[in-house]
Amino acid sequence: MTLTQTANIDTHLIPILEQVSDPEIPVLTVLDLGVIREAVEINDVIHIKLTPTYSGCPAMDVIGDDLEKAFSEIGKKVTIELVLAPAWSTDWISEVGLKKMEEYGIARPLSETADKEVLLGNKKLVKCTNCGSTNTHLVSQFGSTACKALFKCDACQEPFDYFKCLK
Amino acid sequence: MKNENLYNYILGIADNSLILGQRLGELCGHGPTLETDIAGTNISLDLIGQCRNYYQYAAKIKGEEKTEDDLAFLRLEREYKNVLLVEQPNTHFGYVMGRQFLFDVYHLMFMTELLKSKDETLAAIAKKGIKEVSYHKRFSGDWVKRLGDGTDESNAKMQEAIDDLWTYTDELFDMTAADKAMAAEGIGVDVSKLKDAYYKEVSEVIQEANLKLPESKYFIRGGKKGVHSEHMGYLLADLQYMQRTYPNMEW
C-alpha cells in the first residue's frame with residue numbers, strides 16, 4: 001500500500017508538502033512518512049488531515065506549525081485536522097522514504113511477524129545500517145523516539161536505531 | 001449536560017493514563033540505566049498522548065469552551081477518577097515495573113474490548129493505543145520476570161512490591177454508574193468481565209517470575225469514586241503547578 005493509493009492529495013500541493021519534513025527524522029518529508037491523509041484546496045484554503053504515528057508523538061505539533069508556515073509563504077491559509085482512524089501504519093512510509101531512512105542510519109521496519117521475532121530477541125534479522133551485517137542484537141525496545149528501538153551490531157560494534165513495525 | 005455518562009466515562013479512562021504517565025514522567029533522568037530511563041519516558045509519552053486524545057474528545061462533549069488542558073490540569077482531587085493503582089509512588093524500579101505490569105495487563109484487555117465500542121472516536125483511540133500498550137506490557141512483564149527470577153535481593157524487592165500493589169488490583173474491575181450506563185449502550189467496556197482472565201494472566205507471569213501469589217484478599221478501592229490515597233495530592237501539586245501559577249499559560 002503506497003501513500004498515493006490511500007491519501008487524497010491535490011497534485012499541485014505536492015511540491016510544498018515536500019518541503020516539510022519530520023523534525024525527528026529530517027531526511028523524511030511528511031509525504032515520505034505517510035502522515036498526510038488529505039490535502040485539498042477549497043476556495044483558497046488548504047485543508048489538511050494529519051494522522052499521528054504514535055498517540056503521543058510530539059512531532060505532530062511541530063509538523064502542523066511547519067505546514068502552516070510553508071503555505072503562508074505562498075499566501076495560503078491552512079486548516080489542520082488530526083485524524084486517528086485509520087491508524088497510521090509503517091506500510092504508509094514510501095519506498096523512497098525507507099531508502100532515505102536507511103541511508104540516514106535507521107534500519108527499516110521488517111514485516112509484522114519478523115518484527116515480533118526480533119523484538120523478542122528470537123531471531124537476528126535487522127541489518128546494521130553501518131556495515132550491513134545481520135549479526136545484531138536488541139538493546140532496548142524503546143529508542144530515542146516512540147517509533148524506534150535501539151540495536152547494536154555485533155560485527156562492527158556500532159549502535160543504531162530500528163524503526164519499529166506498526167500495523 | 002447531554003451525554004453526561006459518556007463524558008464521565010471518558011474522563012475515568014483518561015485519568016488513568018494521565019496519572020500513570022505523570023508518575024513515569026517523574027522518573028525522567030532517574031532511571032537505573034539509560035535504556036530503562038528512555039523506556040519509562042517513552043511509555044509515559046504514549047500514555048499522555050492517549051489521554052490527550054480522550055480529553056480532547058471529552059472537552060468537545062462538555063462544550064462551554066473547555067479545553068483538554070482544563071480537564072487535565074484544573075480539576076480538584078475528588079474530580080479525578082483514576083484507579084488507586086496508577087497513583088502509587090515510584091518507590092523503587094521493581095515497584096515501578098510491578099505497578100506498570102499490573103496496569104498493562106488490564107490496559108491491553110481493556111483496549112481490546114474498547115475496540116468494539118459503538119463510539120467511533122473511542123474505537124479509533126483504542127485502535128491506535130493497542131499497539132503501544134502491547135509494547136508496554138512486553139517491557140514491564142519482562143522486568144517482573146527478570147527481577148523476580150534474579151538475585152535474592154531483587155526477588156525479595158519484587159515480591160514486596162507485588163504484595164503491596166496487589167491490594168489495588170481489584171478496583172480495576174469495579175463498575176461506576178457511568179461504566180454501567182456505557183457498557184449497556186455498547187459504548188463502554190464491562191470491566192467486571194475481564195477479572196478472571198486478568199488474574200489468570202497475572203498469576204502465570206508471577207509464577208514464571210519465581211514469585212509467590214499474594215494470599216491477601218483485602219483490597220483497597222476508592223479512586224474511581226474520587227477518593228484517593230494521600231499520594232494523589234502531592235502528585236497533583238506537581239502536575240498542576242504551572243497552570244495554577246500562570247493561568248492559561250501555553251507551552
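No value in this document is a laboratory result; all are computed from the given coordinates. Small disclaimer: the values here were computed from a predicted structure and weren't measured. Here Cβ is always computed from backbone atoms with ideal geometry, including for glycine, and neighbour counts include all displayed protein chains.
At a glance:
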| item | result |
| --- | --- |
| Helices (runs of 4 or more DSSP H) (entirely within the stretch B:1-105) containing at least 1 residues that are under 23 Å from B:LYS128 (Cβ atoms), in contact with a strand residue (DSSP E or B) (Cβ under 9 Å, 6 or more places away or on another chain) and within 13 Å of chain A (Cβ to nearest Cβ) | B:34-62 |
| Qualifying residue in the stretch A:64-81 (condition: more than 16 Å from the chain's Cα centre (by Cα), free of Cβ contacts under 8 Å to residues at least 40 places away in the same chain and closer than 20 Å to B:LEU45 by Cβ) | yes |
| Candidate set: the stretch B:106-132, residues that are among the β-branched types (Val, Ile, Thr) and within 12 Å of chain A (Cβ to nearest Cβ); chosen: the one nearest to B:GLY40 (Cα to Cα) | B:ILE130 |
| Unmet requirement for B:ASP15, which otherwise passes all of (1) touching a residue at least 60 places away in the same chain (Cβ under 8 Å); (2) out of contact with any Gly (no Cβ under 9 Å at 6 or more places or on another chain) | (2) |
| First in the stretch A:122-139 and basic (Lys, Arg), second anywhere and in a loop (DSSP other than H, G, I, E, B), Cβ under 8 Å, 6 or more apart | A:LYS124/A:THR134; A:LYS124/A:ASN135; A:LYS127/A:SER133; A:LYS127/A:THR134 |
| Selection from the stretch B:115-158 of residues that are of a type in the set (Lys, Arg), more than 20 Å from the chain's Cα centre (by Cα) and assigned to a helix (DSSP H, G or I) | B:LYS145, B:ARG146, B:LYS157 |
| First in the stretch B:144-167 and under 15 Å from B:VAL202 (Cα atoms), second anywhere and of a type in the set (Asp, Glu), Cβ under 6 Å, 6 or more apart | B:LYS145/B:GLU208 |
